[in-house]
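Readers should treat all values here as calculations from the given coordinates under stated rules, not as data from a laboratory. Predicted, not measured: the structure shown is a model, and the values here were computed from it. Positions of Cβ are generated from backbone atoms using ideal geometry, with glycine treated the same way; all protein chains shown enter the neighbour counts.
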Amino acid sequence: MMTDRHITQAMLDELRACVKGMMSEKRYVHTCAVERMVVRLGELYCPDLVPELRAAALLHDITKEETLENQLQLCEKFDIILESTARLAPKTLHARTAAALIPEKFPSFATETVVRAVRWHTTGCQDMHIADKLVYLADYIDDSRKFADCVRLREIFWGADPAAMDETARLSHLRDVLILSFDMTIRGLLEDGVPISLDSILARDCLLLERSQR
Ligand SMILES: [Fe+2]
Ligand SMILES: [Fe+2]
């Protein structure tokens, strides 16, 4: 997999046009909103990664609208081993299938940073990298989202004026907002009576541990 980064504005514009053809208008509007949000977050936390963050945002939901049957076929094709509860949480499959498709369909964007961020955008994971965190959060709080939890989290994140913070405070703020997002997601899953991804538990545990070690 590529590790160097040569993602240009022209490449991103071409990618945006390409993913538009792979999804509904509604999903495309969301995808572009995630791209804009991840640029704002990237400028605060890791300006060097902004081109890869944008690529990950554009690619994160490319398989979201595939049928369950197609998702499962893609899993088989890419040797993705599913745990027994995967069929009970079909919404999480698209993160795995999208990440698996990138090296084949979009090799010029297949950096480790991009593929990881797409892979973990739904559940989070243990020891999330900064790009994973920012794509995950941008997907949660993009401006097209109207759900109460999303609106609340967006207000909590930006309301604290992270741009005015020093680097340590800004990272702590990100960590605290992510913990809150996992709390809200896990609570929602409990209410719906559906499985909770172990990756989300591990993601939250890692962040809690980090907070306790300050
Ligand atoms: Fe998604
Ligand atoms: Fe999304």
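Some points to look at:
- Screening the chain for whole DSSP H helices of 27 Å or more along their axis (Cα) with average Kyte-Doolittle hydropathy at least 0.0 returns 167-192.
- Cα-based reach from LYS26 at 21 Å (exclusive), listing lysines while leaving out same-chain residues under 8 positions away: LYS64, LYS91, LYS146
- Alpha-carbon centroids, region 1-63 and region 74-133: separation in whole Å: 15
- Sparsely packed loop sites in region 72-168 (the trypsin sites (Lys or Arg not before Pro) outside DSSP H, G, I, E and B with at most 13 other Cβ atoms within 10 Å) comprise LYS146.
- Taken over region 95-181, the percentage of Cα pairs per 10 Å bin, counting from 0 up to the bin with the maximum distance, is 16, 42, 30, 11, 0.
- For region 32-105, GluC sites (Glu not before Pro) meeting the loop criterion (DSSP other than H, G, I, E, B) and having at most 14 other Cβ atoms within 10 Å: GLU65, GLU83.
- Under the shape rule built on the C-alpha gyration tensor, where the axes satisfy a ≥ b ≥ c, region 9-212 is oblate, since a/c reaches at least 1.5 while a/b does not exceed b/c.
- Compactness of region 175-214 is given as radius of gyration and Dmax, 10.6, 35 Å, from Cα positions.
- Calculated translational diffusion coefficient of region 136-180 (10 °C, 1.306 mPa s; Stokes-Einstein with Kirkwood radius over alpha-carbon pairs) equals 147 µm²/s.
- Label-reachable residues, region 49-73, where backbone N falls under 12 Å from a point 7 Å from GLU104's Cα toward its Cβ: 71-73
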